[in-house]
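Just so it is clear, none of the values below were taken in a lab; they were calculated from the coordinates. This one's a predicted model, so the numbers in the text were calculated from it and none came from an experiment. Note that we place each Cβ from the backbone using ideal geometry, even for glycine, and neighbour counts take in every protein chain shown.
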Amino acid sequence: MARTDAVRLLVVLLLALLAGVARGTPAPATAGTTGQAPRIGVVTMGPGDIFWERFGHDAIVVEDPATGTRTNYNFGFFDLDEPGFVGRFVKGEMRYRLVALPLEEDLAYYGEVGRGATLQWLALDPAQARQLAADLAENARPENARYRYDYYTDNCATRVRDALDRALGGRLRKQLEGRSSGDTFRGESLRLASPAPWLWLAFDIGLGPYGDRPLSRWEQGFLPRRLSDDLRKVTRVDGQPLVAAEQVLLPQRQAAEPVEQAQALWPWLLAGIVLAGLVAFAAPRYPRTLAGLAGGFWLLCGLLGTVLLLAWAFTEHRALWANRNLLLFDPLCLLLLPGAWALLRGRAPSPRFRALLVVVVVLAALACLPLWLQSIPQRNGHWIALLLPLHFALSRCWPRPSRA
């Protein structure tokens, strides 16, 4: 019995020693120097003046509970000086990257230019927070940081959205995918681009049917502010709100996001009719002046149409594909330029010129047909209202050559 008691005592002492060693050895840290769960937040930045800043920005914040250090995981970095950047941009193969840096350092630029920033702290479970912090740290490694950028489906905001959804086990997508406000890629793009008219025109002319289908709230998360708004409505498994607290880090000194405004058709139609009337008035009185103006119009239409056609055929810019504005901004208009030059010099154009005029106006009229295709719509009725009367008037105004 004495020997048995001695063995038991020895085992107890060894267990106590091992327990003491275990208590004295720090556990592996997932977001800092302790085993405590990190604090996770989403910081949303307001819009800026530069065209790529119009849509706002966001990032994920990971706070170390021991030191209070806040690391910002920002998916919005790109390098204009990177070899091949311009070529990849043209082809729709841009590469962005995730960068982890101190929150204060990242926000310094936004404070300088007057862009606001709001931080939403999320009520994640400790296991979810640890896993998200670990995934972000791994993703930020140089060999993992780059990704193929897409304006609407894979940008800085959708990367934040997707990372949160993975941490929540798909709960974010489940709550947002079945809801829709009826907004579209075109509507959201035009709303945010409206302070810059040239950018507004580029989006409105360039976007094809891809831009006009109604979006779910999940898809609308490509915009940082929309994602921020929806996070306030998302709940956890226990029914509690996902957003635990919010704080304003920087005030928005630049103009806030513009609100959406309905686009009336009648001003475009009125402008088209007026322009057609001016063409009919000028044709017999100022034929050479009209020829010069028509040549400029055809050159503009032809160049824009060529860009749209090349984008459809040779790039990965899916939002530009199958653009029905090709029927209005027709590349065939470039073939009308020799006839415009002949008219400008006071000569009669060739028969081919007149045949091309008919083809151009017929194609412009065909742009009306898909307006009723609800399955694949493209909301370009205003461009039809403006350009179809003008194409028609130009096809009718030139005097026919006299027969011998």
Footprinting proxy, Asp81, Asp330: sorted fewest to most Cβ within 10 Å, the residues are Asp81, Asp330
Most exposed to least, judged by fewest other Cβ atoms within 10 Å, Leu270, Leu80, Leu356 sort to Leu80, Leu270, Leu356
Taking Cα atoms, the helix 2-24 axis meets the longest principal axis of the chain at an angle in degrees (rounded to 10) of 30 degrees
Taking Cα atoms only, helix 126-139 is inclined relative to the longest principal axis of the chain by an angle, in degrees rounded to 10, of 60 degrees
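Got the relative contact order for segment 266-396 handy, in percent, Cα pairs under 8 Å and 6 or more residues apart?
Once divided by the residue count of segment 266-396, the mean separation gives 35 percent.
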Rounded to the nearest 10, the angle in degrees between the Cα long axis of helix 287-314 and the longest principal axis of the Cα atoms of the chain comes to 30 degrees
Listing Cys397, Cys301, Cys368 by rising number of other beta-carbon atoms within 10 angstrom, fewest first, gives Cys368, Cys397, Cys301
For the chain the mean separation of alpha carbon contacts under 8 Å (6+ apart) over residue count, i.e. relative contact order in percent, is 16 percent
Sequence order, segment 171-179: Karplus ³J(HN,Hα) from phi using 6.51 cos²θ - 1.76 cosθ + 1.60, θ = phi - 60°, Hz rounded, Gly and Pro as x, gives 5, 5, 5, 4, 7, 9, 5, x, 10
In whole Hz, the Karplus estimates of ³J(HN,Hα) for segment 191-204 (6.51, -1.76, 1.60; θ = phi - 60°; x where Gly or Pro) are 4, 6, 8, 4, x, 10, x, 5, 6, 4, 4, 4, 5, 5
Sequence order, segment 238-251: Karplus ³J(HN,Hα) from phi using 6.51 cos²θ - 1.76 cosθ + 1.60, θ = phi - 60°, Hz rounded, Gly and Pro as x, gives 7, x, 7, x, 5, 7, 8, 7, 9, 8, 8, 8, 9, x
For the chain, any Cys whose C-beta has no other cysteine C-beta under 4.7 angstrom counts as unpaired, and these are Cys156, Cys368, Cys397
Subtracting the Cα-Cα distance of Val86 and Leu337 from 0.36 nm times their residue separation yields 87.3 nm
